[in-house]
Amino acid sequence: MRDDRLTRFDQAREHFRRACACARQHAILARTAMHLYGDHGPVISGCVRDHFPERVKKRLCDLARSATEHTDAGYAARPPRARRSTMRALASDVARREGGGYYGPRV
């Protein structure tokens, strides 16, 4: 049983790491796009700015969605009888080590 629980925590940790990686990529692309295209115009969740080119907005949205999906999958990998607070602590620890970002693990 212990090996199974460890495996489940490892699965959750890996999902949280992937969420952090997506959040970092999102932040880098958003910063680059704001530098290239300006930071004026309406703010759109996930896409950052309405005036960005469609390909940039699509990539930003895809990264935001992937980060959220990995975070949700990390919480869904919670082993039986593991507390939600344990999962939050795990997500927090991964975000601290990996760098969370706005779309990284929710704590």
Taking springs between alpha-carbon atoms closer than 10 angstrom, which of His15, His35, His26 fluctuates most in the Gaussian network model of the chain? His35
Taking Cα atoms only, helix 2-37 is inclined relative to the longest principal axis of the chain by an angle, in degrees rounded to 10, of 10
Only Lys, Arg (+1) and Asp, Glu (-1) charged, at Cβ; the chain dipole about Cα centre in debye: 340
Based on the Cβ-Cβ distance from Ser45 to Arg8, what FRET efficiency comes out when R0 is 22 Å, to the nearest 0.05? 0.10
Pairwise FRET efficiency - Ala82 versus Thr32, Cβ, R0 = 30 Å, nearest 0.05: 0.20
Rounded to the nearest 10 degrees, the helix 54-76 long axis (Cα) sits at an angle to the longest Cα principal axis of the chain of 10
With the charge dipole of the chain built from beta-carbon charges (+1 for Lys and Arg, -1 for Asp and Glu) about the Cα centre, the Cα from Gly101, Gln11, Val56 projecting farthest to the positive end belongs to Gln11
Candidates for semi-axes √(5λ) of the Cα gyration tensor in Å are (i) 32, 11, 10; (ii) 40, 17, 9; (iii) 33, 21, 9, and the calculated one carries label (i)
Neighbour-count order for Thr71, Thr86, fewest beta carbons within 10 angstrom listed first: Thr86, Thr71
If you build a Gaussian network model of the chain, linking Cα atoms that sit under 10 Å apart, which residue out of Ser92, Ser45, Ser66 swings the most? Ser45
Length-normalised contact order for the chain - Cα pairs under 8 Å, 6+ apart - percent: 43
Under the 7 Å Cα-to-Cβ spin-label approximation, Ala73 and Arg97 lie apart by a distance in nanometres of 1.9
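Every read-out reported here was derived from the displayed coordinates using simple, explicitly stated rules and does not represent laboratory data. Remember, it's a predicted structure, so these values are computed and weren't measured experimentally. Note that we place each Cβ from the backbone using ideal geometry, even for glycine, and neighbour counts take in every protein chain shown.
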